[in-house]
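Report on the following structure.
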Amino acid sequence: MTTPPSPASFRFPVAARYAGMESSPLKDIFSLAAREDVVSFAGGIPDPELFALEDVTACYDWVLAEQGHRALQYGVSEGELELREQAARRVSRDLPTDASQIRVTSGSQEGLFVVAQALLEPGDVVLVESPTYLAAVQAFSVHGARMIGVDTDDDGVIPEALEEAIRTHHPRMVYLIPTFQNPTGRTMPIERRQAVAEVLQRTDVPLIEDDPYGALSFTGSTWAPIAALPGMAERTILLNSMSKLMSPGVRIGWMRAEGPVLDTLAVAKAAISMQSSVVDQLMVARCLETVDLDAHVARVSAVYRERRDAMSAAISPVLPDGAHVTRPQGGMFLWASLGEGYDAQEMLADAVAAGVAYLPGWSFYADNADRSTMRLSFVTHSPAVIEDAVAHLGEVIAAHRA
């Protein structure tokens, strides 16, 4: 009789596209955030004290009382009409949009996966900023795409470098985060957006524009998406999310697009998750209809601005000569480049031992990673906690001086 293998020795065969991905930087972020002995700047995790809990509770109560049977039933892949109408109204502040041009997703992260499923073939090239959002790199990579980073400066992707990369690599699409970029916090000024749009139109390459942070402005100024520039709406899929404006636990976002690709996006969404949670969609729609979300976002942004100021003031003195650090005008992240001779990954264990965590920057690069970089999120903790933790981080940096 053949003895069956013990459960401990059995291993499922894993698809080649997931080879080497037993762990994920995102998983590690949340593990660090859960440690009570560590002040974590690693994840963009909002302070739960800032959630509009009463408003959200009231909206859920209304949905369940007035539309409970519908809310607990299956929905449609495109998304519930009420939410698509409310999303269209928000997008129309910058770009005329109707509900038929909206496709609902379970957060913008699922939107990236839907886009990859709908548009990418194995071997396709996707041009991304260097650095870029790490989970976008994962979403595109597991569909067989090859990511190539395009040079950036403090104003975002460099148009001349983008055009050269397009002519060299013939990409399927370009992926950009123009406003309060993750991970750097940079924002493209209007002149840079116009130059990028001209390149994309001249080379006839589509744009995937990710805008989860754009409303979190510290100056009162907002930036219209690249999709709103003349000639760009039809060649752009614009992604938005409620995660950063309401709460990340409500996994609701949307894509805005035009033309036949809308049907393809709906089919890809249905294949992945059938539909997003109907009760959550109706709650978000109710909030957008009845709650002053802009006032809530303004209050949150004011708190984030104080925390940005605290981190900026604390970190500048502890950085080595020649280091560069961003001062974002909104969003959730600050980006520090320590310079030659430093490896932020090697420093991380010592930082955690000192009670502070960040996310090493190498994971945000599609290629040619700068290992001296780190991303720090300033939104989770009070200014006093930030100042104390950055002081400990400074001791670790000093101990690693080249």
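The values are calculated or read from the model by the stated rules, or taken from the named source; none is laboratory data. Because the structure is a prediction, the values reported are computed rather than measured. Every residue, glycine as well, gets a Cβ built from its backbone with ideal geometry; the counts of neighbours run over all protein chains shown. For accessibility, only protein heavy atoms count, side chains too; no ligands or nucleic acids. Shrake-Rupley method; radii C 1.70, N 1.55, O 1.52, S 1.80 Å.
Contact annotation: residue pairs with Cβ atoms under 6 Å, 6 or more positions apart or on different chains, pairing a residue in segment 103-120 that is closer than 23 Å to E82 by Cβ with a partner that is of a type in the set (K, R), are S106/R251; G107/R251; V114/K269.
Considering segment 80-127, and only residues there that are more than 21 Å from the chain's Cα centre (by Cα) and small (G, A, S), the residue that is farthest from T290 (Cα to Cα) turns out to be G123. The helices (runs of 4 or more DSSP H) falling completely within segment 44-148 that include 3 or more residues that are surrounded by fewer than 19 Cβ atoms within 10 Å (Cβ to Cβ) map to 53-71, 81-91. Of the set (1) assigned to a loop (DSSP other than H, G, I, E, B); (2) over 18 Å from G185 (Cβ atoms), all apply to P328 but (2). It is to be established whether one or more residues within segment 196-206 are under 30 Å from V303 (Cα atoms), modelled with pLDDT of 95 or more and open to solvent by 10 Å² or more (accessible area, probe 1.4 Å). Looking for residues that are under 30 Å from V303 (Cα atoms), modelled with pLDDT of 95 or more and open to solvent by 10 Å² or more (accessible area, probe 1.4 Å), one finds none in segment 196-206, hence no. From the residues in segment 227-245 that are among the small types (G, A, S) and open to solvent by 10 Å² or more (accessible area, probe 1.4 Å), which one is nearest to V297 (Cα to Cα)? So the residue we want is A228. Restricting D370, D388, D321 to those that are open to solvent by 20 Å² or more (accessible area, probe 1.4 Å), at pLDDT 95 or above and not in a helix (DSSP H, G or I) reduces the list to D370. Where helices (runs of 4 or more DSSP H) fall entirely within segment 246-316, those with at least 2 residues that are open to solvent by 40 Å² or more (accessible area, probe 1.4 Å) and among the acidic types (D, E) are at 293-315. The set of residues from segment 340-367 being outside any helix (DSSP H, G or I), open to solvent by less than 30 Å² (accessible area, probe 1.4 Å) and among the aliphatic types (A, V, I, L, M) comprises V356, A357, L359.
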